[in-house]
């Protein structure tokens, strides 16, 4: 016995040949077999708008009203309005199929698929044998057959230009006057550059030309009229290649939106003239022909019934035809024209833009009402109407066109009656009121599928053509293969049909999808979609009813009734704005705040792909994850100054998308593909996010323990990445630290606390010293450039050392660094001390300010070296190597005494020298020997890094503060003795012979000093 499992009761060929989306395509038998009673709204015409009255009519009511309505003119013009695919053409076709047979009625049927002007005219004039009408047919055939679409479009544009050029300001109204005549809107159409834009593919004119020449598919909508998008408003064209007068009109349209609307109205108003001129229908030929048709049928005693599937078909002959079909049939008590009844389908938007004359004629002939097929399905009755509609088409697809056409009219076989699994199928999937099975749908799946293809602006709307073409046909054709394979609903179904939140069809809760992902490793995606559509999106994980699950080969899950409910979600059929409460076991007696629940709902919406994650929710998730990584960071291995959240943010571990990237979330522009933390849109992540948002809102209610464990694990897993990010963004990698340490060592060298050859431990201490206690005591022997550079560096050194300490040390809490990680720092200091210059070194940003005073290092060191060499040379001229300082000072003291005795003190020189002698009392003159040895270490010139390093050993060390004082003393004494000798010689031989002799003896002693200096140098 057949089983329901993997069962199909249709085939693809029968589906595609039987289910027709256009009423005119189906045969009469198929049309009647699939016809579902319509719910039609009566609407009242109010100017260019219409308002539903709340009265519901059936197709039988429409037919009765149409064939029995009496008017004073014996003409009826009844519109059927609705959006594309709402069933307007279906109703017109149904009226034709159900018109009472009568030899007193001539039916003219304009099919929407036969869009060419030739077919429209021939259909209107069919059966009329008249010379003038025959000529009209011939002219239309000739005009349309002699053109292709491109040439016809160009002719239409040119004829429209002529029509607009012939307008005058006095004949136009309002702002149209600004666009009148050959210097107005006509300039736009005749300009080659702008004309080319209007003839581009997809624009109104070329599309109209294609429809005018040849029949199009029934599913291709004919463009109703010009819109603003058809205007050539490219900004580039306003300046490039357009004549000056035309540019003025174009700028007017570009600058004033209201004038663009005026221009569109004029194009539509004069369009019919261009169509008639192009097709040889001008001069009222259509009006005259239709009147003649009415005259002929009037003589035959017949009434004309004109059924128009699409009002857009009569574009180009609209005015003439409307006038002809609404012209009163009687004159002076005699019937001259046949009565006319016209039923026409027209889209809602096109109706509101009809010319005033057309609206007036419609209102007069119908008593001011029309029929509206735009329906919004809400109540249970409406849902049953959808079920009935679908059931009929499902039954027709099972039977096939051939069987339907072989039956007597009106007798539709129910294929379920002969089905071996009927009972099980109807129990599992349901049936319509007419007894037609809904398989492979059930009521929930059918409702959700219909809502998923509804227009975005009307989520509850039922659009028959859309339901057939985008829902029923794809499901049946694709399911024919996937159901037997146990793969239904397949990937195509899952991607095509999404639950429509705006229609109150909530997707399957992320919590449920998360559980499915954990428990079903083979059929998770199928199970999700089956639960969402066929089980109506349960708020808890359940198994499908056994028969339904078996039909789709879905094995049951071993569900644990004690599974935690977690964060609450709205029931799929709950009222949209109902307050959702925490499950009883998690709730302390109060509901979640409404604002917080909305945030959880936003995450739920994001998880299903219906929208992106909003800014507030994305920010909360990023903040919690980013901060958790900072809080969990172990700053001791290796040691590093702990960073607070704010410091980490500044250091590159932000709470933005460049740290935590979330698929389809707000502010993702910052995520450049290198974000360390990446969350995909998955059910598990959605549930995780809900807990994080609750945590961020300081609400423990509903936070799942497993999510806290995951957060902790996540934070630990990104510890290394955080360090890398902070290191890179903060520029504290090894190379950066080596550069910073080198700046610090050079600064320490300026202060005399570091130089090449120094022990590594001493260099380490100098590199991390802030330098506050480093003023040099030998500034008097330092060049101005050296002193300026040192002062500038010391002002900036504190920030440099703080950064080095923070990168290589730890403190208590967020306090100052107390301990440096020597194991890591010493190798870096060693690398930094390999070179003692900054040339070619890329400095991190934080070291650049402290390095700025060192910019002249290549001139600074040689200049200081030269200054010390000069100082040493000048001293050695007066205090040669090997001379005892005591002898020198004794000789100087003796010379001062002799000078005093002889009255040769020379003013203030002697007291100044005495002061200098007192100042250096106790000083060690051996410091000159030390300086001499240090300077002697440089054996070559000061070119190159090695020479600079060698020079530093003599330049850098702190020297005795008496160095410059001794130099000044020797200079002062030398100058004094020269002056004293000249003064003695100036005195007479008799008076100063003794003094002269004594001074010569002193000078001899100084000469011995000079001689010794010379010999020492030799």
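The values are calculated or read from the model by the stated rules, or taken from the named source; none is laboratory data. Everything quoted here is computed from the prediction, not taken from an experiment. Counting neighbours? That spans all protein chains shown, and the Cβs are built from the backbone with ideal geometry, glycine included.
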Worksheet item: Which of the residues belonging to the range 718-730 are at pLDDT 85 or above and over 29 Å from the mean Cα position of the chain (by Cα)?
Response: none
Item to complete: List every residue pair whose Cβ atoms sit under 8 Å apart, with the two residues 6 or more apart in sequence or on different chains, where the first one lies in the range 1-21 and is at positive phi and the second, anywhere, is in a helix (DSSP H, G or I) and surrounded by 16 or more Cβ atoms within 10 Å (Cβ to Cβ).
Response: 6/551
Worksheet item: What number of residues in the range 643-696 are at pLDDT below 90 and in a loop (DSSP other than H, G, I, E, B)?
Response: 19
Worksheet item: Can you name every residue in the range 857-882 that is assigned to a loop (DSSP other than H, G, I, E, B) and crowded, with 19+ Cβ neighbours inside 10 Å?
Response: 878, 879, 880
Practice prompt. Select, from 745, 763, 714, the only residue that is assigned to a helix (DSSP H, G or I) and more than 19 Å from residue 804 (Cα to Cα).
Written response: 714
Discussion item. List the helices (runs of 4 or more DSSP H) inside the range 1-116, counting only whole elements, that have at least 2 residues being modelled with pLDDT of 90 or more.
Written reply: 12-18, 59-68, 88-98
Worksheet, complete the sentence: Among helices (runs of 4 or more DSSP H) entirely within the range 276-368, at least 2 residues that are modelled with pLDDT of 85 or more and more than 53 Å from the chain's Cα centre (by Cα) occur in 285-299, 318-326
Practice prompt. For residues that are closer than 29 Å to residue 197 by Cα and crowded, with 17+ Cβ neighbours inside 10 Å, scanning just the range 127-148, find the one that is modelled with the lowest pLDDT.
Written response: 144
Worksheet, complete the sentence: Considering residues that are crowded, with 22+ Cβ neighbours inside 10 Å and under 46 Å from the mean Cα position of the chain (by Cα), the number found within the range 417-430 is 2
Worksheet, complete the sentence: Taking the range 599-642 and keeping only residues that are closer than 30 Å to residue 494 by Cβ and not in a helix (DSSP H, G or I), one is left with 608, 609, 610, 611, 612, 613, 614
Discussion item. For the range 840-856: of the residues being free of Cβ contacts under 8 Å to residues at least 24 places away in the same chain and either under 23 Å from residue 946 (Cα atoms) or in the same structural domain as residue 968 (by TED's automatic domain parsing) (or both), which is surrounded by the fewest Cβ atoms within 10 Å (Cβ to Cβ)?
Written reply: 840
Worksheet item: From the list 545, 614, which residue is modelled with pLDDT of 90 or more and under 32 Å from the mean Cα position of the chain (by Cα)?
Response: 614
Response to the item:
Considering the range 811-839, residues that are modelled with pLDDT of 90 or more, touching a helix residue (DSSP H, G or I) at 6+ places or on another chain (Cβ under 8 Å) and in a helix (DSSP H, G or I), and then whichever is surrounded by the most Cβ atoms within 10 Å (Cβ to Cβ), we arrive at 829
Discussion item. Checking the structure you have, find out if any residue of the range 142-153 is part of a helix (DSSP H, G or I), in contact with a helix residue (DSSP H, G or I) (Cβ under 8 Å, 6 or more places away or on another chain) and in the same structural domain as residue 307 (by TED's automatic domain parsing).
Written reply: no
Response to the item:
residue 196 fails exactly one of (1) assigned to a helix (DSSP H, G or I); (2) under 44 Å from the mean Cα position of the chain (by Cα); (3) surrounded by 17 or more Cβ atoms within 10 Å (Cβ to Cβ), namely (3)
Item to complete: Filter the range 410-433 for residues that are over 14 Å from residue 396 (Cα atoms) and part of a loop (DSSP other than H, G, I, E, B) and give the result.
Response: 419, 420, 421, 430, 433
Item to complete: Determine which member of the set 881, 914 is touching a helix residue (DSSP H, G or I) at 6+ places or on another chain (Cβ under 8 Å) and without any contact (Cβ under 8 Å) to a residue 24 or more places away in the chain.
Response: 914
Practice prompt. Of all residues in the range 58-73, count the ones that are buried (at least 19 other Cβ atoms within 10 Å of the Cβ) and either over 10 Å from residue 343 (Cβ atoms) or more than 57 Å from the chain's Cα centre (by Cα) (or both).
Written response: 1
Discussion item. When you scan the range 447-467, do you find a residue that is touching a residue at least 24 places away in the same chain (Cβ under 8 Å) and within 16 Å of residue 4 (Cβ to Cβ), even just one?
Written reply: no
Worksheet, complete the sentence: How many residues of the range 285-338 are buried (at least 19 other Cβ atoms within 10 Å of the Cβ), over 28 Å from residue 87 (Cβ atoms) and in contact with a strand residue (DSSP E or B) (Cβ under 6 Å, 6 or more places away or on another chain)? The answer is 4
Response to the item:
Given the conditions (1) out of contact with any helix residue (DSSP H, G or I) (no Cβ under 7 Å at 6 or more places or on another chain); (2) modelled with pLDDT under 75; (3) crowded, with 16+ Cβ neighbours inside 10 Å, every one holds for residue 939 apart from (3)
Worksheet item: Which condition breaks for residue 458 when tested against (1) under 18 Å from residue 607 (Cβ atoms); (2) outside any helix (DSSP H, G or I)?
Response: (1)
Practice prompt. Quickly run through the range 155-175 and pick out the residues that are closer than 20 Å to residue 191 by Cβ and either in contact (Cβ under 8 Å) with a residue 60 or more places away in the chain or assigned to a helix (DSSP H, G or I) (or both).
Written response: 155, 156, 157, 158, 159, 160, 161, 162, 163, 164, 165, 167
Worksheet item: Do we have any residue at all in the range 201-219 that's outside the structural domain of residue 287 (by TED's automatic domain parsing), surrounded by fewer than 20 Cβ atoms within 10 Å (Cβ to Cβ), part of a helix (DSSP H, G or I) and modelled with pLDDT of 90 or more?
Response: no
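Tell me, which residue of the range 645-659 that is under 16 Å from the mean Cα position of the chain (by Cα) and touching a residue at least 24 places away in the same chain (Cβ under 8 Å) is farthest from residue 610 (Cα to Cα)?
Going through the qualifying residues, I end up with 656.
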Discussion item. Residue 108 - would you say it is over 17 Å from residue 368 (Cα atoms), in the same structural domain as residue 34 (by TED's automatic domain parsing), surrounded by fewer than 20 Cβ atoms within 10 Å (Cβ to Cβ) and in contact (Cβ under 8 Å) with a residue 12 or more places away in the chain?
Written reply: yes
Worksheet item: Does the range 111-126 hold any residues that are surrounded by fewer than 18 Cβ atoms within 10 Å (Cβ to Cβ) and more than 16 Å from residue 212 (Cα to Cα), and which are they?
Response: 126
Discussion item. Can you confirm whether residue 602 is surrounded by 15 or more Cβ atoms within 10 Å (Cβ to Cβ), modelled with pLDDT of 75 or more and touching a strand residue (DSSP E or B) at 6+ places or on another chain (Cβ under 8 Å)?
Written reply: yes
